[in-house]
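Nothing in this text is a laboratory measurement; each read-out follows from the coordinates by a stated rule. On a predicted model such as this, the values are computed, not experimentally measured, just so you know. We place every Cβ from the backbone using ideal geometry, glycine too, and count neighbours over all the protein chains shown.
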Amino acid sequence: MVVSTALAIEPHRHSAALPSSVRWPSRLRSTLGVLPALLVVGVALWETCATHVDASSVPADEAWDRASQLVRAQFRPGDLIVFAPDWIDPVGRLHLGDLMTIDDAARMDAARYGRIWELSIRGAHAADTAGLPTTSTVDAEGVTVKLFQRTPVTVLADIRALLSGASTDGGPAKLELAEVGFAPHRCIQATPAPGHPIRVTFPSLPLGGSLVGYVGLADVFTRRDIRAPGSLEVDIAHRKVAIVHPGVDDGWVRFEIKTQPGSADVTFIASADAAQRQICFAAEARQ
Amino acid sequence: MKLRVKQRALGWALAAIAFACTMCNQRSVGIARDETVYMSAGAHYADWWLRLATSGVGIDGKTITSTFGGAPGGASNSEHPPLMKTADGLSHWLLADKLGVVDELTAFRVPTALAHAALVVMVYTMTLELWGLAEAVLAVLCLLLLPRALFHAGLAAFDAPIMTMWFATIYAYWRCLDRTASPSGDAAGPGRARGAAGRKWPWQVGVAFGLALATKHNAVLLPVALGAHYSVLAVRHYGWRPLLAAPLGLFAYRGRVVLSLVLLGPLVLVVLWPWLWLDPIGHVADWLSFHFKHVHYNYEYLGENWNAPRFPWHVALVTTLFTVPVVTLVAAALGAGVWIAAGWRRATLDRLPTLLLGLSAAASIGPFFLGSTPIFGAEKHWMPALPTICIAAGVGAVWAARRASQFAIARWHVSEPLARITALGVVSIAIVVAAGTETLASRPYALSWYNAAAGGVPGGADLGMNRQFWGVAARGVLPFIATQPPGPVYSHDASPAWGWYKKLGLLPAGYPDSGNEVAGIERSKLALVIHELHFNRHDYLIWKSYGTVQPAFVLRFDGVPIVSVYERPK
């Protein structure tokens, strides 16, 4: 108790003579007392520096010019160009958009592309290149240019290209460039009335080992206002082989059906229980 | 000069600085979509009041309805109360039309900047009275250096003003609880031992509440904070048992404060809103039901587009953590700790101001944890929570500095004044430099800005945080458009502001707005897309019409695309 009183009056002057069991808590308390201020000052220093670093962490146009030169030097017609992360896409298109067609940008998926150029920043990767082997990688002042090569799928039939020869029943179906899941997709769009399906039949569609397709609901505003899912049924030779129910938050939903090589009538049946379901779909018969 | 006068003068000087900073900052800020509606309505409101004042014309149902009324969502903007719009309109009339001292847009924005300056005075005064000069100055500096709040304070809108009016109500309520009207509020001592009369005429709180109601509908949440605080005080004063036996005893605690809120508040709202003169209850119901059924605009949060409930419970929390400077948050956390520790030690002041400030913040931000309240405006919807954060930051920073000074005195035997001044100086400068750096970095596209914890603007984009709203960033592409051959422009979300940009001389003649959606794009030679996730569809509409995916110009903020401009191929 006497020691405590001495501490309270002159906490450090006599600390050397104190038993260690008393001295350490006192010193510790004293040292801990400065930590809040150190924390504030430390965070402030970090924040000041980090703000400057963050502001210049995205490569500028010079880097993109350099990266685009690298791509242009080896670009071949039919190559796909993708950017990562998604938010840098407008800058990528600014520099290389002349090499990209609308159909490339609004592709069903990337399986039919044998060569894919990925231009990325900040360590991001495009979903289209996941799992693919890299042929070359060059860092252009912060923009990483990668070329991926693989054997593309062989497409026997693309229903979007054959729409003019298809028969429709129950309502119109047209080729559209639509927003589905906040991404562009060239697709066949049908908007069935509730309880009245729209059937799109492709007669004698060449088939290989699989029919790969995607479906989703177009238009963010109708997705917001009407929350019910849509439905897409696939019939091959009058037999139901698949049914998908894309919901408002599902985006571009993939489906794959194993098929027997040959040809058959293939029907896509879009239906919905709610109005204004803009059902957007695409499919390819693959070898 | 007496100390008290000097301290007051400092408060007014800080307010003047706040006003000047806000007016300077807004000069480079584009025109928000909603501002155009408020400015138009405000000009009509002001004209009505001026005609009424000068010739007594206008007090008839038809004129009032055409000026202030109509269905919510219409041209008269009856879905929002009129106080700030009227002030904006009167400011425009005086400063632009009559005196010609500023341009039209600036004139419309002056009242919001003045409201922000008023908030500075009130935050300073309350903090000064409760904690001290250092805390008050730091609280105000933290408030001034809030990038998003500074942005909103420069717009002819309601989000910064409701922060002011909300805090004015909190502050006035706190003052009006005082029985003796002493500055500290504790002359009455522990409530149990003293009388409970309160101020004789606590009109200030009712008027402040009425002004808040007349500013924005957030004000209807104020009674939640005030009611909870009042109940705690009453229970402290009378004890549980008497109140359970006679609940009306609650009213007796500071009955005049309650009367002021209940009577004067609505009265002020009605006086200021002529539309309510025609059918007070019906039109109040129209006003509030519009917001209870408000459409959910699209809002990007952590990589997802949200436009329908249920929203994540943590939107308000995470958004606040990413849109207030980190150093301010850290200091506020320390301050909150100090308040909580003081509460546990039963060392709080008689009127429980920290509880009041906490309840104020909770009432403001609380509804956004429910998962059903619209989140599209992000932090602007719960801005009344910010003064509490800033006051806590002031308290926490000074507490930290004092603890550090004690360490220095004990360890190095320096004099107490030197230690205190040095520690306070270092901590204060650190906070101001860090928060100031963030604020400067946020200009002029503060809605796209995120703090260092998020990784700045690029980090916000990586995290999938909302890029922007209101089309403000379109101003940044006007210089590029001016270099292009004249022709119709699809101005996208900037369409309501397009005429303003021409009027202000920011856009040369020859670039008319081509109209909306597909028809507008088809007519255009140039087309804008203001980047938000749900606006991607506009890119695709333009690709389809222009036959290319390549923009001619991409406006970036710290490297992150915020507006693209397409040029129709020849």
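Counting only alpha carbon atoms, the long axis of helix A:61-74 and the longest principal axis of chain A meet at about 40°.
Considering all C-alpha pairs of region B:265-386, those separated by over 25 Å amount to 46%. When both bridge partners sit in region A:61-149, DSSP labels roughly 70% of those beta bridges antiparallel. Lacking any other cysteine beta-carbon closer than 4.7 Å, the following Cys residues of the protein assembly as shown have no compatible partner: A:C49, B:C21, B:C24, B:C176. Where both bridge residues fall in chain A, DSSP classifies roughly 95% of the beta bridges as antiparallel.
Quick one: check the C-alpha center-to-center distance for region A:176-222 versus region B:206-277, whole angstrom. Each part's Cα centre sits 57 Å from the other's.
With a/c under 1.5 counting as rounded, go ahead and sort region A:131-287 into rounded, prolate or oblate using the C-alpha gyration tensor (a ≥ b ≥ c being the square roots of the eigenvalues; past the cut-off, prolate if a/b is larger than b/c, else oblate). Oblate, since a/c reaches 1.5 and b/c is not below a/b. Projected label points at B:S28 and B:L288, each 7 Å from Cα along the beta carbon direction, are separated by 4.3 nanometres. One way to sum up the overall shape of region A:205-287 is the equivalent ellipsoid from its Cα gyration tensor, whose semi-axes run 27, 12, 8 Å, largest first. Note on chain A: with a GNM built from Cα contacts shorter than 10 Å, the maximum mean-square fluctuation among A:Q74, A:Q276, A:Q260 falls on A:Q74. Once Rg and the Kirkwood radius are both taken over the C-alpha atoms of chain B, their ratio Rg/Rh works out to 0.99.
A full extension of the chain between A:A275 and A:F75 corresponds to an added length of 67.5 nm, given 0.36 nm per residue minus the alpha carbon distance. With N the number of residues in region B:374-437, Rg(Cα) / (2.2 N^0.38 Å) evaluates to 1.54.
Here the convex hull built on the C-alpha positions of region B:31-146 has a volume of 145 cubic angstrom per residue. Using the Cβ of B:S495 as centre and a radius below 11 Å, the other residues enclosed give a net charge of -2, where K and R count +1 and D and E count -1. Charge tally around B:V432: other residues with Cβ under 13 Å, Lys/Arg +1 each, Asp/Glu -1 each, net -2. Structure remark: mean-square fluctuation, Gaussian network model of chain A, C-alpha springs under 10 Å; the largest value among A:I159, A:I257, A:I188 belongs to A:I257. Ordering A:A173, B:A172, B:A410 by Cα displacement along the dipole of the protein assembly as shown toward the positive end leaves B:A410 in first place; charges were set at the Cβ atoms of Lys, Arg (+1) and Asp, Glu (-1). Label region B:219-306 by shape, choosing from rounded, prolate and oblate, from the square roots a ≥ b ≥ c of the eigenvalues of the Cα gyration tensor; if a/c is under 1.5 it is rounded, and otherwise prolate applies when a/b is larger than b/c, oblate when it is not. Cα axes put region B:219-306 in the oblate bin.
With each label modelled as a point 7 angstrom along the Cα→C-beta vector, the B:K98-B:I429 pair spans 4.7 nm.
Extension gain for B:L321-B:H413 works out to 29.2 nm (0.36 nm per residue, less the C-alpha to C-alpha distance).
Roughly how tilted is helix B:353-365, in degrees to the nearest 10 and between 0 and 90, from the longest Cα axis of chain B? Orientation of helix B:353-365: about 30 degrees from the principal axis.
Partner shielding of B:462-474 amounts to 1, given as the average count of beta-carbon atoms from other chains within 10 Å of each residue beta-carbon.
Peptide A:260-272 shows a mean partner chain C-beta count of 0 within 10 Å per residue C-beta.
Relative contact order for chain A: 17 percent, from Cα pairs under 8 Å spaced at least 6 residues apart, divided by residue count. Starting from the alpha-carbon convex hull of region B:472-567, give the projected area averaged over all orientations, in nm². Result: a mean projected hull area of 5.6 nm².
Each of B:I421, B:A53, B:L150 was placed along the dipole of chain B (beta-carbon charges, centred on the mean Cα), and the one lying farthest toward the positive end is B:I421.
Computed about its Cα centre, the charge dipole of region B:313-463 is approximately 440 debye, with only Lys, Arg, Asp and Glu carrying charge at their Cβ.
Scaled against 2.2 N^0.38 Å for its residue count N, the alpha carbon radius of gyration of chain A is 1.62.
Evaluated at q = 0.04, 0.08, 0.10 Å⁻¹, a Debye calculation over the C-alpha positions of the protein assembly as shown (equal weights, vacuum) places log10 I(q)/I(0) at -0.23, -0.84, -1.16.
Counting Cβ atoms of other protein chains within 10 Å of each Cβ in A:217-228 and taking the mean gives 3.
In percent, what relative contact order does chain B have, based on Cα pairs under 8 Å that are 6 or more apart in sequence? If you can, show how the numbers build up before the last one.
Values: 934 pairs, mean separation 89.1, N = 570.
Reported as a whole number, the value is 16 percent.
At a Förster radius of 22 Å, what calculated FRET efficiency corresponds to the Cβ-Cβ distance of B:Q484 and A:D65, to the nearest 0.05? Once the sixth-power term is evaluated, E becomes 0.55.
How high is the relative contact order of region A:155-286, given as a whole-number percent (alpha carbon pairs under 8 Å, six or more residues apart)? Mind showing how you got there, number by number?
Values: 376 pairs, mean separation 50.0, N = 132.
RCO, region A:155-286: 38 percent.
Given axes a ≥ b ≥ c from the Cα gyration tensor, I'd like to know whether region A:61-149 is rounded (a/c under 1.5), prolate (a/b larger than b/c) or oblate. Rounded, since a/c falls under 1.5. Considering only A:A272, A:A161, A:A218, the mean-square fluctuation computed in a Gaussian network model of chain A, springs between alpha carbons under 10 angstrom, is largest for A:A161.
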